[in-house]
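**Q** The following block contains the structure, expressed as structure tokens.
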Amino acid sequence: MNFRLKTSTALAALALAASPALADMEDAKAFLDSEIGDLSSLSRADQEAEMQWFIDAAQPFAGMEIKVVSETIDTHSYESKVLAPAFTAITGIQITHDLIGEGDVVEKLQTQMQSGENIYDGYINDSDLIGTHWRYQQARNLTDWMAGEGADVTNPNLDLEDFIGLSFTTGPDGKVYQLPDQQFANLYWFRYDWFNDDKNKADFKAAYGYDLGVPVNWSAYEDIAEFFTGRDLSHLGVEGEVFGNMDYGKKDPSLGWRYTDAWMSMAGMGDKGEPNGLPVDEWGIRVNENSQPVGSCVARGGATNGPAAVYAVTKAIEWLEKYSPPAAAGMTFSEAGPIPAQGNVAQQMFWYTAFTAATVKPDLPVMNEDGTPKWRMAPSPHGAYWSEGTKIGYQDAGSWTLMKSTPVDRAKAAWLYAQFITSKTVDVKKSHVGLTFIRESTIQHQSFSDRADKLGGLVEFYRSPARVQWSPTGTNVPDYPKLAQLWWQNIGDAMSGAKTPQEALDSLCADQEKVLARLERAGIQGDIGPKLNDEMDPEHWLSQPGAPKAKLANEGEEPVTIAYDELIKSWQ
């Protein structure tokens, strides 16, 4: 079965023929026949019923030209090239689905927020902006929209409870501000074949005194990185130099994502809590009981420049220098992403499951002849400051956002498209293409049971209770566009050696507090906006339970590993 991106001849014909007069059930049936088949959680009769609802609801908007935007990943390419023309053919609404860089999406959204100009009718932007949307109230709150103004264009079969990431797009007020369109997690990636090789296992045990396996903590990850770097694996047919770690370090916006998404939480910087630590989150921002940000630096009760954060950045730099390909330090996120699939990397702690589709292509050095991967994914190991109940990793949830500056009729038409490409009719097929699950019904679909052994643990992870510990940026961050750009600039200084990790993080938390102070003075976020604490002796905060956490006397924990197959059993 071929799940790769494709635009069928029938779909192309549909798009060319699309007009309000031709928007009818025959076009929908042609789409279901040519593109969906049995890859849906709905029966064919229910698919047709859902398509009929879209046809009827779209009639008042037939002929409208709507523009939406998302970042460029496989899932959105499929939506833009296949689902958008199908929606146009079925409904008569002309959809232009632009694909641009993630940073550009945020910039366009920020410009629309600041100017009030309707640049796009709908945005698929990360739910990392939930704190921004909730505080500024410039995005339509979808809970009220679906019950009120948008009720006539809200699919009765939308089934919000089926969306696994809805808690990520819900504000502290209990309102849903965004509708998930795609999700992927950052997990640990490793060469299952290398880890199960008898010689490697024996040599590792002799050198380190414990079994080679999935690292549970950073101490074990470091040992494994050291063991494989420079190791001769010619007995496994591996040519060229081998590395025990893969990362990236170029001073680029993507460097910031690597830390906010959410290296610091893996180290254990924040407080316990799901989906994000409270009162201190993985950005090191503390909020009070009213969800008002009160500080980022330790002196105000934050943790951005605390010992756990310094430890996190120090370890990343050390591993990048010692155990990674020399070119990695000059790479961005997108440049580093394909490197593990080239066959000379043993493990990567910070690996996005969005790379799964590209890493299971036939003929790659990391694939077996039978179509199963030589690699697996597992939960990322945690650092010395981490404790049970603390966030362990990040989950990206690209989600539909409707701005209040978009005219009502245009917002309604965009909302119909948003629901179409997240509908139960199309979601199973879309998920096979992009492997970015958003619906429980899709995850449990038989076709993913059949395909699970080809996906390296992705299906097992998303069917496990473990997934709830992975979450996007939470609501402590009051202005994602303004604050996110501070991270890559300051962390970049540490990665380049221009500053020590402590100096870079001192600068970062001070810069974050300048933004918080400006928002507080402006008062534009009302009584849920920032209200900075007075500065105090850092020891006042470090001596209290929770984050910020005092420096540990020994940051080198006893290394712990677990056999991958045992880990999978624990999920089941």
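The values are calculated or read from the model by the stated rules, or taken from the named source; none is laboratory data. Predicted model only: the values in this text are computed from it and were never measured. When we count neighbours, we look across all protein chains shown, and the Cβ atoms used for this are built from the backbone with ideal geometry, even at glycine.
**Q** If a residue has to be surrounded by 18 or more Cβ atoms within 10 Å (Cβ to Cβ) and either in a loop (DSSP other than H, G, I, E, B) or in contact with a Lys or Arg (Cβ under 7 Å, 6 or more places away or on another chain) (or both) to count, how many in segment 239-250 make the cut?
**A** 8
**Q** Among the residues of segment 377-397, write down those that are part of a loop (DSSP other than H, G, I, E, B) and either in contact with a His (Cβ under 8 Å, 6 or more places away or on another chain) or within 19 Å of Ala550 (Cα to Cα) (or both).
**A** Taking segment 377-397 as the starting set, the residues that turn out to be part of a loop (DSSP other than H, G, I, E, B) are 379-381, 383-389, 391-392, 394.
Scanning segment 377-397 gives Gly383, Ala384, Tyr385, Trp386, Ser387, Glu388, Gly389, Lys391, Ile392.
**Q** What helices (runs of 4 or more DSSP H), lying completely within segment 262-355, carry at least 1 residues that are free of Cβ contacts under 8 Å to residues at least 12 places away in the same chain?
**A** Values: elements: 264-267, 307-323, 333-336.
Because the criterion is at least 1 residues that are free of Cβ contacts under 8 Å to residues at least 12 places away in the same chain, the helices (runs of 4 or more DSSP H) in segment 262-355 that meet it are 307-323.
**Q** Between a residue in segment 208-236 that is modelled with pLDDT of 95 or more and any residue that is of a type in the set (D, E, K, R), which pairs come within a Cβ distance under 6 Å, given they are 6 or more apart or on different chains?
**A** Tyr208/Asp223; Leu212/Lys201; Asn217/Glu557; Ser219/Glu557
**Q** Scan segment 45-70 for residues that are in contact with an Asp or Glu (Cβ under 8 Å, 6 or more places away or on another chain) and either closer than 30 Å to Ser449 by Cα or modelled with pLDDT under 95 (or both) and jot them down.
**A** Ser70
**Q** Sort out which residues of segment 90-108 are crowded, with 19+ Cβ neighbours inside 10 Å, at pLDDT below 95 and not β-branched (Val, Ile, Thr), and write them in order of number.
**A** Glu102
**Q** Report whether or not Trp218 is touching a Gly at 6+ places or on another chain (Cβ under 7 Å) and among the aromatic types (Phe, Trp, Tyr).
**A** For Trp218, the condition - touching a Gly at 6+ places or on another chain (Cβ under 7 Å) and among the aromatic types (Phe, Trp, Tyr) - is met.
**Q** Only one residue in Glu503, Glu535 is surrounded by fewer than 16 Cβ atoms within 10 Å (Cβ to Cβ) and either hydroxyl-bearing (Ser, Thr, Tyr) or over 29 Å from Trp134 (Cβ atoms) (or both), so which one is that?
**A** Glu503
**Q** For segment 272-311, what are the residues that are crowded, with 23+ Cβ neighbours inside 10 Å and acidic (Asp, Glu)?
**A** Within segment 272-311, Asp281, Glu282 meet the criteria.
**Q** Any chance segment 149-160 includes a residue that's in contact with a helix residue (DSSP H, G or I) (Cβ under 8 Å, 6 or more places away or on another chain) and without any contact (Cβ under 8 Å) to a residue 24 or more places away in the chain? Spell out how you get there, then give the answer.
**A** Within segment 149-160, the subset in contact with a helix residue (DSSP H, G or I) (Cβ under 8 Å, 6 or more places away or on another chain) is 149-150, 152-160.
Add one more test, that the residue is without any contact (Cβ under 8 Å) to a residue 24 or more places away in the chain, and what stays is 160.
Yes, segment 149-160 has at least one match.
**Q** Shifting gears a bit: Counting just the residues of segment 217-238 that are assigned to a helix (DSSP H, G or I) and of a type in the set (A, V, I, L, M), which one comes out nearest to Gln469 (Cα to Cα)?
**A** Step one: of segment 217-238, the residues assigned to a helix (DSSP H, G or I) are 218-228, 234-236.
Now drop any that are not of a type in the set (A, V, I, L, M), which leaves 220, 224-225, 236.
Numbers: Ala220: 21, Ile224: 24, Ala225: 25, Leu236: 36 Å.
Going through the qualifying residues, I end up with Ala220.
**Q** Could you tell me which numbered condition Gln446 fails, if it satisfies all but one of (1) over 22 Å from Pro156 (Cα atoms); (2) touching a Lys or Arg at 6+ places or on another chain (Cβ under 7 Å)?
**A** If we test Gln446 against (1) over 22 Å from Pro156 (Cα atoms); (2) touching a Lys or Arg at 6+ places or on another chain (Cβ under 7 Å), just (2) comes out false.
**Q** I've got another one for you. Tell me, which strands (runs of 3 or more DSSP E) wholly within segment 61-165 include 1 or more residues that are more than 20 Å from the chain's Cα centre (by Cα)?
**A** Filter on segment 61-165 gives 65-71, 94-100.
**Q** If you scan segment 432-468, which residues turn out to be hydroxyl-bearing (Ser, Thr, Tyr) and over 16 Å from Tyr352 (Cβ atoms)?
**A** Selection gives Ser441, Thr442, Ser447, Ser449, Ser464.
**Q** In segment 520-532, how many residues are surrounded by 13 or more Cβ atoms within 10 Å (Cβ to Cβ), in a helix (DSSP H, G or I) and in contact (Cβ under 8 Å) with a residue 60 or more places away in the chain? I'd like the intermediate steps shown before the answer.
**A** To start, the set of residues in segment 520-532 that are surrounded by 13 or more Cβ atoms within 10 Å (Cβ to Cβ) comprises 520, 524-525, 528-532.
With in a helix (DSSP H, G or I) added as a condition, the list becomes 520, 528.
So of that shortlist, the ones also in contact (Cβ under 8 Å) with a residue 60 or more places away in the chain come out as 528.
Final tally of qualifying residues: 1.
**Q** Now for a different question. Considering (1) in the same structural domain as Arg231 (by TED's automatic domain parsing); (2) crowded, with 24+ Cβ neighbours inside 10 Å; (3) of a type in the set (S, T, N, Q); (4) over 17 Å from the mean Cα position of the chain (by Cα), say which one Ser423 fails and leave the rest.
**A** Against the list (1) in the same structural domain as Arg231 (by TED's automatic domain parsing); (2) crowded, with 24+ Cβ neighbours inside 10 Å; (3) of a type in the set (S, T, N, Q); (4) over 17 Å from the mean Cα position of the chain (by Cα), Ser423 comes up short only on (1).
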